[in-house]
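Reviewing the structure listed below.
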Amino acid sequence: MDDHLTTAPPAAAISTYPVSLRINGQQHRFEVEAWVTLLDLLRERAGLTGSKKGCDHGQCGACTVLVGGKRINSCLTLAVMQNGKDITTVEGLADGTRLHPLQQAFIEHDAFQCGYCTPGQLCSAVGLMNEGQAGTVADVRELMSGNVCRCGAYPGIVAAVTEVMGLPERKDNPDRPYLPGTVPA
Ligand code: FES
Ligand code: FES
């Protein structure tokens, strides 16, 4: 038998790159391969599994986190691209044991069922408020439209976000009254 045919070539060394991130107020350093997404770094290497992987294609918003206060789909950005940035995940929204007002409002408005989309919805809503672009309930719906909820918890989500923003609730649709825990027909 020909030895050179059966001997596997030496594996090429895989390059890694240093990434320094401030995540939820704490500084972290990682060595990551170039193809690691921010979402995978947060979930697999930082142990922060609050951010969810729904589609991994930028279509559902389940992975939404804040980078420098701006909401992004963390599945669509590479970790190395965010080197030096300040990241907030859903785990960083509460102030110690005190929930973020949006988290409290989500509970009070029954704004989730399975909860899979909820971390992304919450981070997205914080980003929405930082942007200062939403002045009506319809604006909230439009500007949160990148966050999909397969359970249909939208009425509660809209009610929770608009309440925290101090917007008049459902003025755009007064003939479909909203009751927490129900989906208007
Ligand atoms: S997992 Fe990132 S948008 Fe769906
Ligand atoms: S609460 Fe289940 S996907 Fe939104």
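The values are calculated or read from the model by the stated rules, or taken from the named source; none is laboratory data. Everything quoted here is computed from the prediction, not taken from an experiment. Note: ideal-geometry Cβ built from the backbone for every residue, glycine included; neighbour counts use all protein chains shown. The accessibility values were calculated without ligands, DNA or RNA, using every heavy atom of the protein model including side chains. Shrake-Rupley method; radii C 1.70, N 1.55, O 1.52, S 1.80 Å.
The range 1-99 holds strands (runs of 3 or more DSSP E) entirely within its bounds, and those carrying 1 or more residues that are closer than 19 Å to residue 129 by Cβ, hydroxyl-bearing (Ser, Thr, Tyr) and away from ligand 1 (no atom under 11 Å from the Cβ) map to 86-88. Taking the range 143-162 as the range and being open to solvent by 50 Å² or more (accessible area, probe 1.4 Å) and at pLDDT below 95 as the test, only 154 passes. With respect to the conditions (1) farther than 27 Å from residue 47 by Cα; (2) open to solvent by 60 Å² or more (accessible area, probe 1.4 Å); (3) outside any helix (DSSP H, G or I), residue 113 falls short on a single one, namely (1). Looking only at residues in the range 129-140 that are surrounded by 20 or more Cβ atoms within 10 Å (Cβ to Cβ) and in a helix (DSSP H, G or I), the one that is nearest to ligand 2 (Cβ to nearest atom) is 140.
Of these, 96, 69, which one is modelled with pLDDT under 95 and closer than 26 Å to residue 166 by Cα? Exactly one residue qualifies, and that residue is 96.
Six or more apart or on different chains, Cβ under 6 Å: which pairs go from a residue in the range 113-131 that's closer than 10 Å to residue 69 by Cα to one that's within 12 Å of ligand 1 (Cβ to nearest atom) and aliphatic (A, V, I, L, M)? Could you list them? Close Cβ pairs (under 6 Å, with a partner that is within 12 Å of ligand 1 (Cβ to nearest atom) and aliphatic (A, V, I, L, M)) amount to 123/65. Within the range 39-64, residues that are without any contact (Cβ under 8 Å) to a residue 12 or more places away in the chain and among the basic types (Lys, Arg) sit with their Cβ atoms under 7 Å from residues that are assigned to a loop (DSSP other than H, G, I, E, B) and open to solvent by less than 40 Å² (accessible area, probe 1.4 Å), at 6+ positions apart or across chains, in these pairs: 43/51. Taking the range 89-106 as the range and being more than 16 Å from ligand 2 (Cβ to nearest atom) and closer than 22 Å to residue 154 by Cβ as the test, the residues that pass are 93, 99, 100, 101, 104.
Taking the range 116-128 as the range and being within 15 Å of ligand 1 (Cβ to nearest atom) and surrounded by fewer than 23 Cβ atoms within 10 Å (Cβ to Cβ) as the test, the residues that pass are 116, 127. For the range 29-46, the count of residues that are of a type outside the set (Phe, Trp, Tyr), at pLDDT below 95 and surrounded by fewer than 22 Cβ atoms within 10 Å (Cβ to Cβ) is zero. If you go through the range 101-110 one residue at a time, do you hit one that is open to solvent by 70 Å² or more (accessible area, probe 1.4 Å), in contact (Cβ under 8 Å) with a residue 12 or more places away in the chain and within 16 Å of ligand 1 (Cβ to nearest atom)? Scanning the range 101-110, I find no residue that is open to solvent by 70 Å² or more (accessible area, probe 1.4 Å), in contact (Cβ under 8 Å) with a residue 12 or more places away in the chain and within 16 Å of ligand 1 (Cβ to nearest atom), so the answer is no. For the range 48-88, the set of residues classified as crowded, with 18+ Cβ neighbours inside 10 Å, of a type outside the set (S, T, N, Q), within 15 Å of residue 126 (Cα to Cα) and more than 16 Å from ligand 2 (Cβ to nearest atom) consists of 65, 66, 67, 71, 72, 87, listed by residue number. Among the residues of the range 65-100, which ones are in contact (Cβ under 8 Å) with a residue 40 or more places away in the chain and of a type in the set (Gly, Ala, Ser)? Passing the criteria: 69, 79, 84, 92.
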